[in-house]
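S.K.: Submitted below is the structure of interest, expressed as structure tokens.
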Amino acid sequence: MSQVDTNPVKEYLRMDRMPSIWCPGCGIGTSVNCFARALTQAKVDLKKTTVVSGIGCSGRVSGYLELDSFHTTHGRAIPFATGLKLANPELNVVVYSGEGDLAAIGGNHLIHAARRNIDLLVICVNNFTYGMTGGQVSPTSPGGATYSTAPYGQFETPFNLPHLADSCGAVYVARWTTFHVRQLTKSIREAFGKKGFRFIEVISPCPTLYQRRNKLGDGLDAMKFYKEASVLKNGADTRELDIGFQSPIIVGSFVNRDRPSFIEAMNKRFTSVFGESYKPYPEGPSKAVQGC
Amino acid sequence: MAADPSGVLTGQHYLDGNHAACEGALAAGCRFASGYPITPSTEVVERIAARLPRMGGMFIQMEDEIAASITLQGAVWAGKKALTVTSGPGFSLMMEHIGLAAMTECPCVYIDVQRGGPSTGLPTLPGQADMMQARWGSHGDYEIIALCPESPQECFSLTVEAFNLAEQWRVPVMLMMDECVGHMTERVVIPPADQIHVVDRRWTKKPPGEFKAFEPGPDMVPDMAKAGDGHHLFVTGLTHDERGYPVMNQKAQEKLVRRIVDKIRLNADKISRVEEDQIDGAEVVVISYGITSRVAMRAVQMARAKGIKVGTMRLIVAWPFPENRVRELASKVKAFVVPELNYGQMSLEVERVAAGKAPTVLVPHGGGEVHDPEVILEAIVQAARGAR
């Protein structure tokens with residue numbers, strides 16, 4: 001077994017902030033590792049890359065990355081990122097947050113940013129619970145699972161996030177678990193190579209709260225479960241991606257299409273109205289990362 | 001520095017306050033606006049939506065005021081000057097992000113065209129009942145700056161001033177208009193660009209690695225950098241150190257929150273602006289702001305015709321409150337009369353600062369229309385009589 005003396009992605013991390021707040025077995029760090037490797041592989045211009053998070057365990061990601069880091073309010077990472085991107089389209093803006101932040105309190109912003117095709121990469125870590133506050137039911141919590149605020153079991157219909165993003169117009173939609181580190185890394189790279197609203201769901205273990213309360217073992221048990229329960233279906237119909245309690249998890253890259261970004265559509269419209277006197281608004285790079 | 005001429009509509013115009021505020025923002029260099037429609041403020045963003053695309057700017061109508069009130073902060077950190085505009089219900093939704101702007105020292109401008117409240121209240125009719133919300137509406141301790149225009153001309157000039165103060169002190173600045181001032185149409189003179197004073201952002205001159213985004217200068221205000229300049233900024237609403245790194249303890253809280261409060265409190269006399277008339281020798285001083293100061297002027301004229309010595313103080317900057325000046329006057333005058341379109345907000349400040357040295361007579365009004373000058377006159381007469 002080979003030994004590594006230093007963190008191989010340390011140049012992307014604020015090492016003076018380590019150790020992180022994440023629990024042993026948590027998947028958020030794994031996803032960050034994939035993100036950092038995708039940055040390396042894609043030769044991303046780190047100076048122009050900025051990460052915006054909301055609140056929660058996954059909301060801490062922006063603050064561990066050695067990039068321009070914005071840790072905003074609960075649910076509002078997407079509108080903050082919208083301001084950053086529209087004010088300076090040269091920036092490569094990534095939103096990195098959890099499913100409670102992005103799909104519950106921030107759900108309205110998620111659907112509208114996808115509809116407008118704002119040029120953002122959204123990485124949504126879905127661990128089926130509110131971890132920071134102690135394991136409450138979340139908008140993706142599967143039926144039957146118990147939570148501190150659903151002690152008799154969750155009975156609401158959970159969000160199928162890839163379907164939500166697809167329906168609202170996202171140009172790239174994928175889902176992986178933190179077991180699928182190579183696929184996730186490749187997916188992030190693929191998303192860097194596109195322009196418009198891109199959404200990647202990362203199914204991630206929460207051994208401390210979700211798994212402990214539901215007697216699902218530790219982080220390693222989650223990895224074994226992801227390995228056994230995942231079904232690869234690239235290009236799957238996103239209507240069929242519901243996740244039940246310990247049910248099979250369909251993973252893959254589901255949507256990859258092109259449509260004009262917000263700024264491209266705006267420029268097209270204004271040029272048709274104003275003619276040559278209109279000076280087009282800067283559209284930024286044709287994809288977040290050249291060479292992808 | 002002088003204004004960028006591309007945003008300055010030099011000349012004489014006949015504009016309502018909402019349109020004049022838009023022109024003030026563009027003259028100040030605002031090139032990003034996020035909005036959400038709400039009566040009686042909508043004309044501000046309607047004009048911005050028409051104007052910005054032709055001058056290289058960006059307007060976006062967001063999905064709600066919560067989004068609008070943080071989108072502009074993203075734009076500020078990308079290097080733009082930015083504003084959003086709303087009225088009471090939207091202002092309530094924006095409060096969390098006003099706290100974020102205070103905590104992250106994000107220079108930006110919020111315009112609130114006040115209507116009758118609470119709740120949906122009187123959407124098309126005036127109020128001045130958001131004054132305390134402007135000061136205290138977000139949770140935690142912080143300071144902001146709030147300006148109160150009394151005319152379309154001032155909606156122009158004070159919007160320029162709002163941007164300048166935001167940049168100088170790195171605080172959210174609120175332009176507290178009211179429906180009357182917003183919808184009143186008057187002559188507005190917009191000077192040539194080189195005669196409009198504009199404050200640029202306090203860009204750091206330090207290279208990446210040396211710059212600390214929250215290290216204060218001698219005036220307690222840190223210099224700024226924008227995303228994409230290689231500084232690897234860390235901006236958080238959590239209590240943070242000079243690098244912006246979260247620090248969860250009392251010492252860091254004391255250092256940071258004390259500073260963001262004190263940078264305004266200790267400089268209040270520099271920021272404060274009032275307009276006074278016939279204060280010397282006055283037995284009664286009428287303190288008012290916004291549309292109410294124009295209504296009060298009629299009552300003051302009638303009182304003076306009766307031989308009562310009345311002075312006036314108009315709050316141009318309502319927050320920080322002109323404590324030192326009001327305290328000084330309290331030992332000279334016999335009473336303060338404070339008419340406002342609410343049941344007592346700025347009058348509480350007058351009363352607090354006067355500290356019993358002179359009584360404060362509130363002339364309350366629930367909003368929906370302006371005061372009857374006779375009611376203010378009656379309060380002045382009674383105050384003067386009590387004083388004699």
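S.K.: If we keep just the residues of region A:1-29 that are outside any loop (DSSP other than H, G, I, E, B) and not charged (D, E, K, R), which is nearest to A:Ser53 (Cα to Cα)? If you could, list the steps in order and put the result at the bottom.
M.R.: First, the residues of region A:1-29 that are outside any loop (DSSP other than H, G, I, E, B): A:10-13, A:15-17, A:28-29.
Now drop any that are not not charged (D, E, K, R), which leaves A:12-13, A:15, A:28-29.
On the way: A:Tyr12: 16, A:Leu13: 15, A:Met15: 19, A:Ile28: 13, A:Gly29: 15 Å.
So, considering only residues that are outside any loop (DSSP other than H, G, I, E, B) and not charged (D, E, K, R), the one nearest to A:Ser53 (Cα to Cα) is A:Ile28.
S.K.: Going residue by residue through region B:312-332, is there one that turns out to be modelled with pLDDT under 95 and exposed (fewer than 15 other Cβ atoms within 10 Å of the Cβ)?
M.R.: If we filter region B:312-332 for residues that are modelled with pLDDT under 95, which is where we start, we get none.
Within region B:312-332 (the criterion being modelled with pLDDT under 95 and exposed (fewer than 15 other Cβ atoms within 10 Å of the Cβ)), the answer is no, since none of the residues qualifies.
S.K.: Scan region A:233-292 residue by residue and report those that are without any contact (Cβ under 8 Å) to a residue 60 or more places away in the chain and of a type in the set (Gly, Ala, Ser).
M.R.: Matches in region A:233-292: A:Gly235, A:Ala236, A:Ser272, A:Gly275, A:Ser277.
S.K.: Among the residues of region A:193-231, count how many are in contact with a strand residue (DSSP E or B) (Cβ under 8 Å, 6 or more places away or on another chain) and surrounded by fewer than 20 Cβ atoms within 10 Å (Cβ to Cβ). Working first, answer last.
M.R.: Taking region A:193-231 first, the residues in contact with a strand residue (DSSP E or B) (Cβ under 8 Å, 6 or more places away or on another chain) are A:194, A:196-204, A:206, A:209-210, A:213, A:226, A:229-231.
Right, trim to surrounded by fewer than 20 Cβ atoms within 10 Å (Cβ to Cβ) and you get A:213, A:229, A:231.
Number satisfying all stated conditions: 3.
S.K.: Can you name the strands (runs of 3 or more DSSP E) wholly within region B:25-120 that have at least 3 residues being within 29 Å of B:Glu150 (Cβ to Cβ)?
M.R.: Values: elements: B:30-35, B:58-61, B:81-86, B:108-116.
Correct list: B:30-35, B:81-86, B:108-116.
S.K.: A further question follows. Out of (1) on the phi > 0 side of the Ramachandran plot; (2) at the interface with chain B (Cβ under 9 Å from one of its Cβ atoms), the odd one out for A:Arg14 is which?
M.R.: Going through (1) on the phi > 0 side of the Ramachandran plot; (2) at the interface with chain B (Cβ under 9 Å from one of its Cβ atoms) one by one, A:Arg14 breaks only (1).
S.K.: Considering only region B:258-360, give the helices (runs of 4 or more DSSP H) lying wholly within it that have at least 3 residues that are free of Cβ contacts under 8 Å to residues at least 60 places away in the same chain and outside the structural domain of B:Ile376 (by TED's automatic domain parsing).
M.R.: Correct list: B:268-271.
S.K.: Just give me the residues in region A:253-288 being surrounded by 16 or more Cβ atoms within 10 Å (Cβ to Cβ), assigned to a loop (DSSP other than H, G, I, E, B) and charged (D, E, K, R), in sequence order.
M.R.: Hits for region A:253-288 are A:Glu283, A:Lys287.
S.K.: Can you report the number of residues in region B:37-56 which are in contact with a strand residue (DSSP E or B) (Cβ under 8 Å, 6 or more places away or on another chain), within 12 Å of chain A (Cβ to nearest Cβ) and either buried (at least 24 other Cβ atoms within 10 Å of the Cβ) or aliphatic (A, V, I, L, M) (or both)?
M.R.: 3
S.K.: What single numbered condition from (1) in a helix (DSSP H, G or I); (2) over 23 Å from B:Thr239 (Cβ atoms); (3) more than 7 Å from chain B (Cβ to nearest Cβ) fails to hold for A:Val95?
M.R.: Going through the list (1) in a helix (DSSP H, G or I); (2) over 23 Å from B:Thr239 (Cβ atoms); (3) more than 7 Å from chain B (Cβ to nearest Cβ), A:Val95 breaks only (1).
S.K.: Let me ask you something else. Which residue, of B:Ala225, B:Ala162, B:Ala213, B:Ala193, is more than 14 Å from chain A (Cβ to nearest Cβ) and buried (at least 19 other Cβ atoms within 10 Å of the Cβ)?
M.R.: Details: B:Ala225 fails: more than 14 Å from chain A (Cβ to nearest Cβ); B:Ala213 fails: more than 14 Å from chain A (Cβ to nearest Cβ); B:Ala193 fails: buried (at least 19 other Cβ atoms within 10 Å of the Cβ).
The unique qualifying residue is B:Ala162.
S.K.: Being within 14 Å of chain A (Cβ to nearest Cβ) and in contact (Cβ under 8 Å) with a residue 40 or more places away in the chain, is that true of even one residue in region B:241-256?
M.R.: Here is the first cut: in region B:241-256, the ones within 14 Å of chain A (Cβ to nearest Cβ) are B:241-248.
Those still in the list that are in contact (Cβ under 8 Å) with a residue 40 or more places away in the chain too: none.
Looking for residues that are within 14 Å of chain A (Cβ to nearest Cβ) and in contact (Cβ under 8 Å) with a residue 40 or more places away in the chain, one finds none in region B:241-256, hence no.
The values are calculated or read from the model by the stated rules, or taken from the named source; none is laboratory data. Keep in mind it's a predicted model, so treat the numbers as computed, not measured. Reconstructed Cβ throughout: ideal geometry from the backbone, glycine too, with neighbour counts over all protein chains shown.
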